[in-house]
Amino acid sequence: MPLQKSLNEKNQELYTSLLKQGFEINFEIDPSVSSWYAQPKFKYVIGAPTDELNHTAMAHELLHIKLEGMGFENSINIYKYFNEKTNEIFDANFVGNLNNSLAHFKMLDDFIQMGYSIDDFLQDTPREYFVKDMIVRLAFLIQDELNHDKVALLKEIILMISTAKLFNLYKIKQDSTTEGVHEDIIIITLKKINENIINELNNLFQEWIDTNTLTNQFFFQKLTDLIESSEFMKT
């Protein structure tokens, strides 16, 4: 199939290893999507909008599958469990975005060890994301914080911190990066909204980064506890 052209000497070993572990992986072209993806459909399907050659995207999606094989829970299962507890916060879209980010923290080392540049880890470059979207959005949130729905605001804050810390890891893990961004650009500015909740969220993400665990259920449980006890949501 056309997408299999994106297997090369760097990601072929990972693909073969996953097959040996019992994973069934198919490939599909889906012009309706904007980027590569890996989805479990009884077996895994890796898809892309076109059959354009992309070795790094192939490696990226294979690493997502590898993580789930090691115990990282997929977004569907996380949503089913935690939406029952905090359905205002943990809607399906939010869970999917956050869970994807949590996986990325655990994928970077393997991606680098496969011989790829960390700057090719994401298809949309971090610098473009920060400069064109995130900084502008952050300024708006601070200016309009009092009029912003607390639930929507908290979700944006959580995803911003997650993104900032991921791009900060670029600088830590590969000195040659041209796309890494220091997390303080976002973290310090977010504290203007509420320093306590930002510190708590920052610490939670740092714990996830620093530990070897892949049990993302624990992260979501700690996030749930943090939200329930936070004065930020009560004011």
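For this structure, a couple of remarks:
- Within straight-line reach of Lys222, meaning a Cα separation under 23 Å, sit the following lysines at least 8 residues removed in sequence or on another chain: Lys80, Lys85, Lys106, Lys150, Lys155, Lys165, Lys191, Lys234.
- Scoring 23-29, 161-167 by mean Cβ neighbours within 10 Å over their residues and listing the highest first yields 161-167, 23-29.
- Axial C-alpha extent at least 24 Å, average Kyte-Doolittle at least -0.5 - helices from the chain (DSSP): 92-113, 150-173
- Cross-link partners for Lys5 among the aspartates and glutamates, with Cα-Cα distance under 17 Å and sequence neighbours closer than 8 places in the same chain left out: Glu13, Glu28, Asp30, Asp51, Glu52, Glu61.
- Residues considered: Asp110, Asp91, Asp133. Largest GNM mean-square fluctuation over the chain, using C-alpha springs under 10 Å, is found at Asp133.
- As a proxy for reagent exposure, Arg137, Arg127 were ordered by neighbouring Cβ count within 10 angstrom, fewest first; the result is Arg137, Arg127.
- Protection proxy ranking, peptides 209-215, 65-71, average beta carbon neighbours within 10 Å, highest first: 65-71, 209-215
- R0 of 25 Å, Cβ-Cβ distance Ala139-Glu195: FRET efficiency to nearest 0.05: 0.90
- The modelled label-to-label distance for the pair Lys222/Tyr81, using points 7 Å beyond Cα in the direction of Cβ, is 1.5 nm.
- Distant-in-sequence amide contacts of Val45, defined by a placed amide H-H separation under 5 Å and a gap of 5 or more residues or a different chain, comprise Asn26, Gln39.
- Within a Gaussian network of the chain (alpha carbon springs, distance under 10 Å), most fluctuating of Glu183, Glu13, Glu61: Glu13
- Relative contact order of the chain: 17 percent, from C-alpha pairs under 8 Å at least 6 residues apart in sequence.
- Ellipticity estimate at 222 nm from DSSP helix runs (n ≥ 4, -39,500 (n - 2.57)) divided over the chain, nearest 500: -17000 deg cm²/dmol
- Per-pair calculated FRET efficiency, R0 = 22 Å: Asp124 and Met233 via Cβ, rounded to 0.05: 0.10
- Against the rule of thumb 2.2 N^0.38 Å, how large the Cα Rg of the range 79-235 comes out: 1.04
- Within the listed set Lys43, Lys171, Lys106, the Gaussian network model of the chain (springs between alpha-carbon atoms below 10 Å) gives the highest mean-square fluctuation for Lys43.
Laboratory data are not the source of any read-out in this text; all were calculated from the coordinates shown. The shown structure was predicted, so the numbers you read here are calculated from the model rather than taken from an experiment. Glycine also receives a Cβ, built like all others from the backbone with ideal geometry; neighbour counts cover every protein chain displayed.
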